[in-house]
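This report concerns only the one structure given below.
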Amino acid sequence: MKKNIYKIILFLLLSFTLSQSSHPYPPLYLITIPTSGVLPYGNYSLEGLLINQGGIVPKLSIGISQKLTLGASWGIQNLIGDSRITFNKDYPEYHFKYRIFDEDLVKPALVIGFDSQGRGQYRKVIDVQNQETFYRYQHKSFGYYIVASKNYFFMGNLGVHIGLNKSLESDDRDDDINLFFGIDKEINKSISFMLEYDAMLNDNNNGYDYEDLSIGKGIGYLNIGFRWLIVDNILVELNFNDIKRNQKISQTAHREFKIIYSKKF
């Protein structure tokens with residue numbers, strides 16, 4: 001048993017110290033927030049986000065040009081387990097991002113985009129004030145957004161990202177413009193640490209409840225994660241979302257696993 005533990009520790013140490021892979025394009029997202037990264041022309045990425053209760057959110061992104069990325073995603077619930085498989089919606093969500101200008105020594109890269117894919121289940125909500133019902137994601141989609149990203153060299157690459165977004169999910173009468181920001185810090189050539197904060201200024205109205213879930217304590221979502229580049233075109237992530245427990249029923253941070261595969265057509 002001890003020999004196996006030593007082998008695992010040695011493997012992890014070698015991964016941190018000797019790995020020399022490099023990813024061919026900057027990250028499109030950190031943990032949940034978008035960055036100014038776009039796919040190179042003629043490249044595509046397939047992403048599988050494993051979420052709680054046996055769910056998965058597959059996402060396809062395609063580099064239409066050097067500045068434009070388009071894609072679609074579709075949330076699937078209960079894929080693993082013995083419950084009936086359901087889809088968040090009867091149709092997929094979509095996203096796009098367009099880079100207005102590239103990063104240089106002085107200015108950051110700037111991107112405008114749209115993403116209709118929210119986080120968690122898409123469920124019925126009851127407004128406790130007037131008993132009206134509507135549907136929304138557990139964590140609102142970003143909708144329209146603008147984000148700036150700048151990279152610095154500080155013991156490896158350090159990426160800084162900040163943006164604003166306007167979600168189209170406003171049936172709760174909370175349609176404020178939202179702020180988000182984050183960093184990704186390269187530990188070595190294959191492993192990065194990510195930290196982000198989504199202020200959720202458009203989700204701090206507590207006048208409504210799920211049937212079994214209350215949303216939005218008004219403190220935003222603080223998330224951390226680790227990204228490991230296994231080979232040049234395969235990334236895996238382990239993320240811990242909402243570590244400040246914005247959602248009232250959360251006992252711990254939401255643990256999610258993500259795998260990303262990319263390739264040129």
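Things worth noting here:
- Taken over segment 168-195, the residue count meeting the criterion of being closer than 17 Å to V125 by Cα and surrounded by fewer than 18 Cβ atoms within 10 Å (Cβ to Cβ) is 5.
- Within segment 64-89, the set of residues being modelled with pLDDT of 95 or more and in contact with a Gly (Cβ under 6 Å, 6 or more places away or on another chain) comprises T69 only.
- Residue in segment 168-190 that is nearest to L229 (Cα to Cα), counting only those that are over 17 Å from the mean Cα position of the chain (by Cα) and among the aliphatic types (A, V, I, L, M): I187
- Strands (runs of 3 or more DSSP E) (entirely within segment 48-167) containing at least 1 residues that are touching a residue at least 60 places away in the same chain (Cβ under 8 Å), within 22 Å of the chain's Cα centre (by Cα) and buried (at least 16 other Cβ atoms within 10 Å of the Cβ): 55-63, 93-101, 109-115, 119-127, 133-139, 143-153, 157-166
- In segment 147-205, residue modelled with the lowest pLDDT [restricted to those that are farther than 30 Å from T133 by Cβ and among the small types (G, A, S)]: G156
- Residue that is modelled with the highest pLDDT [pool: residues in segment 216-244 that are in a loop (DSSP other than H, G, I, E, B) and in contact with a Lys or Arg (Cβ under 8 Å, 6 or more places away or on another chain)]: N233
- Scan of segment 168-188 for residues that are touching a residue at least 60 places away in the same chain (Cβ under 8 Å) and within 24 Å of F96 (Cβ to Cβ), ordered by number: F180, F181, G182, D184
- Any hit, segment 10-25, residues being under 25 Å from F96 (Cα atoms) and either modelled with pLDDT of 95 or more or touching a Gly at 6+ places or on another chain (Cβ under 8 Å) (or both): yes
- Any hit, segment 129-138, residues being in contact with a Leu (Cβ under 8 Å, 6 or more places away or on another chain), under 18 Å from G55 (Cα atoms) and either at pLDDT 90 or above or not β-branched (V, I, T) (or both): yes
The values are calculated or read from the model by the stated rules, or taken from the named source; none is laboratory data. Just so we're clear, the structure is a prediction, and the values are computed from it rather than from any experiment. Here the Cβ is made from the backbone with ideal geometry for all residues, glycine too, and neighbour counts use every protein chain on show.
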